Structure formats: C-alpha cells, structure tokens
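No lab work stands behind these numbers, since they all come straight from the coordinates. Computed from a predicted model, the values in this text were never measured in an experiment. Here the Cβ positions follow ideal geometry from the backbone for every residue, glycine too, while neighbour counts run over all protein chains shown.
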Amino acid sequence: MNPRIRDLAVPRSLTAAAAARPDGDLVLTGIHLEWTVGGNGGDAGPPVDWNDGRAPYPHFYEVWLNGGEIRQTAALFWGTEAPSWQAARTHWVCLGTDPDPEYRVTIRARLADGTWSPFTEEVLVGTEDARAYSAVAPAVHPVPHPEPAARHGRLDHPVSRAVLICEDEETEACRRARRLTGGLDVSSAGTVPAVTPPVAAMRADPPWNGSYLEYRKFFRGGDVASAGNPSFAGLDLAGEWPTTVLSAADRAHSFTHRATAHRGDATWTHQWFVTRDDWDPTRAVSWDDLEPVPFMTEVHGAPGVTHHTTEALPPKKSGRHVIVDVWGGHGGPALHDGGFAGEFFVSCSDVEFV
C-alpha cells in the first residue's frame, strides 16, 4: 500500500461529546464522534479528495471505550450527494439509558491493506450534560416509494430462533415455540420471514422519525426475540434452545444472513447486541439483559451485504448467551398521509462461548 495513501486514510483529530436522543418515552445517551480523514475535516463544501463519493476513506472502524473494556465495530457507508462526506467522518455510539458518568474513547480504522491504523489519542467524555442529538448529515435521502419485500434476511450463522422453529423438528424447545407461534410459515424450510413488531404498532408510533430509527420504545419486558409481536410469542420462550458454539479465544467472529438483510433504501442500519454476563438463560430475553453498547453497527450499509465480521465481541464471555441483531430504517407500512412509518426486524441467536 502506498505510504502516502495509507497515511491519508488514518483517522486523526478526534473529538467527542455526549449526545442524547429520544426513543419514545426513553432517552438514549450516546457519544457523538467526529474526526478528520484524508482531506475530510468537516468543511461546508466537499473535500478536495471527495471524488463524488468515491474518496478512499475507510469504511470500517473500531471504537474503544475505557482502554478497550468496551469495543464496537462500526461500518460506515455514505451516498454521493451533498453533504454525505460528513457521514464518512462521524459516528454516534449508543450507551443506552443508564450510562456511566464518563468514558475514555479512541478509534482506529481498517485500512485498504487489511491492517489497522494506529489509534487516535484518547478523549475523555462526560455524560451528565449530554447535548441534544442531531444528525450531522443524512447519508442519503429516503426512497419515496420503497419496493415491498417479503423477506429481509434472517441470521443463519449463528442460527436464529426463527430459522430453528421452522427447521428443527427434534428439539423440544423448538417444538414448544412452534406451537405458540402463528407468525412464521413452518410449512417450508425455505421461507422464514423476518420478525417485526405488529404493523398496527408501527403505524401508531412510527419507528422512523425522519432522522433515525426508534426501536427501544417497542420493547416492554421479555419480548426481545418476538419484537413485541404476539404472532411470534414462541420465540420468547426460555429453555434449552439449540446453540451455535463460538470460541471465546477467537479474535474475529463472523455473522451471516441466508438472504439479503438490507432493503434498497440506504437509510437502513444494523445494530448487534449480546447478553450481559449475569443473564439467566432460564428467563426470556429483555432489553435490560443486553449489554447497552452494541458490539457491531452498520450505518447506511451497502445493499446485498450478507456477511459481517467483528473483532469487538467482549473477549471474556463464557457459557450461554444470546446475540440480537436489530436492523431497519425508512419504508415499511404506509401511513394515511402517503408516507411510510419505517420498520425494523429482530433476529435472536443462542450461542455458547467455549
């Protein structure tokens, strides 16, 4: 790799500030990050190396909080229209509803040759006086009339509960869940629809607010696996779900969707969570059971991506856990005013770290 090109792709001049955004009656606090990469330092006009969106900026970053105690892989994608260059140098890290008083944060980028850049200098961020969140620049404009899609992908590795209750005929947990679940077509192993909140709920309180996806407001207890939808209630059952074994010693972990997990509308994002160390597998999964910071995010991801890799899963996980993928954006159910409510999907996979 040309040393000059490599140096230009290294993030520098990191700044960070706490920013809170509403999600229904909840408030999610996060850290808003900005940095300089290449000629992109936040100017009002396009950077000199913008090249109509084809600038050689990194797409993949790692965010480390408190010296790597908390880590996140962030995949950033952007459009070509102004001012999409802002989306190539900013990121919001969700800390949940009950953040610590302060965090130390640094980032590094995955370079074109596959190596990681050096970390930026650490920045100390206090959360008590978080400012109001605002989207620095929408990466794309929503598609006015998104095409409907019967399926939006489902997690195949680690295998999701939705796939299991359609395809596993032997395990008692899957048989019990199947009896309680009317929202999944179990007649054909090839048709496993993704799990969403009820359409009526999304129309009544839209997930897409014009700037970002509101999803937390739809969960009120041990209903994460079903997305709060009674049609998928069997997915919330606690019990001996089949697990996918993951090696805790592995540096990187990969996740694969059997079908494309991304709509044509590039407002869509992924967030991946894992259960806390004290999660009790005999209980249904609630949002309070999840680590507050997603270990992987994909912001305005590229259509057709089915494979995701992270080195940011908490390294000390052991035993049984659940990995939760939430993805969504603009589109979904039509509203009476001709707009769209937005929508999101949930996939839960039972894993065992050994």
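Dipole magnitude for the range 3-132: about 520 debye, using +1 per Lys or Arg Cβ and -1 per Asp or Glu Cβ, origin at the Cα centre. Once Lys and Arg get +1 and Asp and Glu get -1 on their Cβ, which of Ala238, Val63, Val10 lies farthest toward the positive end of the dipole of the chain? In the chain, that residue is Val10.
Among residues other than Leu14 with Cβ under 14 Å from its Cβ, the summed charge is 0 (Lys and Arg +1, Asp and Glu -1).
Loop-located trypsin sites (Lys or Arg not before Pro) across the range 1-109 with a Cβ neighbour count of 11 or fewer within 10 Å are Arg54, with loop assigned by DSSP. When +1 charges are put on Lys and Arg Cβ atoms and -1 charges on Asp and Glu Cβ atoms, the dipole computed for the chain relative to its Cα centre reaches about 480 debye. One chain, two ends: Arg283 and Thr306. Fully extended at 0.36 nm per residue, the span grows by 5.3 nm beyond their Cα-Cα distance. Working note: 222 nm ellipticity from helices only, DSSP H runs with n ≥ 4, each -39,500 (n - 2.57), summed and divided by the residues of the chain, gives -2000 deg cm²/dmol to the nearest 500. Ignoring the sites themselves, what is the longest stretch of the chain with no GluC sites (Glu not before Pro) in a DSSP loop and at most 14 other beta-carbon atoms within 10 Å? That gives 241-354 as the longest site-free run.
Our estimate of slack between Asp52 and Ala334, defined as 0.36 nm per intervening residue step minus the Cα-Cα distance, is 98.2 nm.
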